[in-house]
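Derivation of every value follows stated rules applied to the coordinates shown; laboratory data play no part. Note that the coordinates shown come from a computational prediction; the quantities given were computed from them, not determined experimentally. All Cβ positions, glycine included, derive from the backbone under ideal geometry; neighbour counts span all protein chains shown.
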Amino acid sequence: MFGLYAAVVLIWGSTWIAIQYQLSVAPEVAVAYRFALATLILMAWCVVRRLPMRFNVRDHFFMAVLGVCLFSLNYVLIYVASVHLTSGLLAVVFSTIVIMNMINGAIFFRRRPETRTLIGASIGLAGIAMVFANDLASFDLAAGGSIGLLVSLAGSYIASLGNMASARNHARGVPVMQANAFGMLYGTLLLFGYIALAGIPVTFDTSVSFLAAWVYLALFGSVLGFGFYLTLLGKIGPDRAAYSSVMFPIVALLLSTWFEDFHWTGNIVFGVALTLVGNVVILTKRVPKPASQVLEHVTPTPAQNPATCTPAPGVKS
């Protein structure tokens, strides 16, 4: 579990830098290219491995929901919001998917979040807010901030719905690899449809930096990243898996320190520390009490107590 979690955090935390090399074309087009290549890779893998690809109409519907919510529409909304919000604020808003997954998990699966998950998420969200405290302080609703906030929240919530679709597919026994392949196919088709309707110019950059970033985002950021994340989601649940979104900006900051000469301040260090504490709280398992301690607190009923001569009602002696 920890290996999957670490892989997701490291891969998606590093995609922020790769995305910068994709902005020579329209953001929506860059995302469409990314998932088109990821779809080809996944479909080819499924064919080579001779994985079963036949699913009923209902399963295809939920794979389409997965693709629309997690591989296309959420990205479009986040990119639209980026016009009005700084990347730091976007990171703060998107980290609320932890809370959204808890709420949606309760609505769709009647899954009550554990107390330690609520505590860990609260600590982590406080930490990420402290990391981007300057962005929060300079936030202005009047300067398009309200639009950016609403659109980014909508994008985050739609991504959460994609998490719910994946949880449903996992519960139905639909393999992650095939679900992602079809989901990315449906999401890519939606993206190109949106690009055509919106009249967004479709261009392609043949520079080495663009091509390298394209392959990295498709193979690592999409095929492996989403594969690891949705497998993790199936193992530990949407609420705990979503906490990885709080860790992405931390990894991005570490890489920015190396590649972009980012300078750390006191509030950032403290915020990162809080985020790591929340990480430990959420991912460590509660140690069960020894059986001997549990039995000490159990009051035996007459049927359980060998010293009692009268059996409990309904129990044969």
Label-to-label distance, nm, for residues given as A212 and L118 (7 Å Cα→Cβ offset): 4.8 nm
Charge dipole (the chain, unit charges on Cβ, about Cα centre) - positive-most of G271, A159, L85: A159
Helix axis angle, 115-131 relative to the chain longest principal axis, alpha carbon, degrees: 30 degrees
For region 2-291, with +1 on Lys and Arg beta carbons and -1 on Asp and Glu, the positive-most of A36, T284, S244 along the dipole: T284
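Would you work out the charge dipole size for region 54-118 about its Cα centre, treating the Cβ of every Lys and Arg as +1 and the Cβ of every Asp and Glu as -1, and quote it to the nearest 20 debye? Numbers along the way, then the final one.
Working: 6 positive and 2 negative charges, 60 e Å.
Rounded to the nearest 20 debye, it is 280 debye.
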Cα convex hull of region 205-264, projected area averaged across orientations, nm²: 5.4 nm²
For peptides 148-159, 247-258, 62-73, 197-208, sequence by mean Cβ density within 10 Å, most packed first: 62-73, 148-159, 247-258, 197-208
Which of M130, G227, L10, positive extreme of dipole for the chain (C-beta unit charges): G227
Region 15-77 shape via C-alpha gyration tensor axes, a/c threshold 1.5: oblate
Estimated 222 nm signal from helices in the chain, with DSSP H stretches of n ≥ 4 weighted -39500 (n - 2.57), rounded to 500: -22500 deg cm²/dmol
Loop-located trypsin sites (Lys or Arg not before Pro) in region 86-164, at most 15 other Cβ atoms within 10 Å (DSSP): R110
Tilt relative to the chain, helix 57-70 - C-alpha long axis, 0 to 90 degrees, to 10: 60 degrees
Rounded to 10°, Cα long-axis angle of helix 2-20 versus longest principal axis of the chain: 20 degrees
Mean projection area, nm², convex hull over Cα of the chain: 23.3 nm²
Debye, to nearest 20: dipole size of region 2-291, +1 on Lys, Arg Cβ, -1 on Asp, Glu Cβ: 1520 debye
Spin-label zone in region 13-37 - amide nitrogen under 20 Å from a point set 7 Å from the Cα of V83 along the C-beta vector: 20, 22-33
Pair V202, M177: separation of 7 Å Cα→Cβ label points (nm): 3.0 nm
Candidates G221, G183, G144, ranked by Gaussian network fluctuation over the chain, Cα under 10 Å, top entry: G144
Ranked list, fewest to most other Cβ atoms within 10 Å of each Cβ, for V246, V269: V269, V246
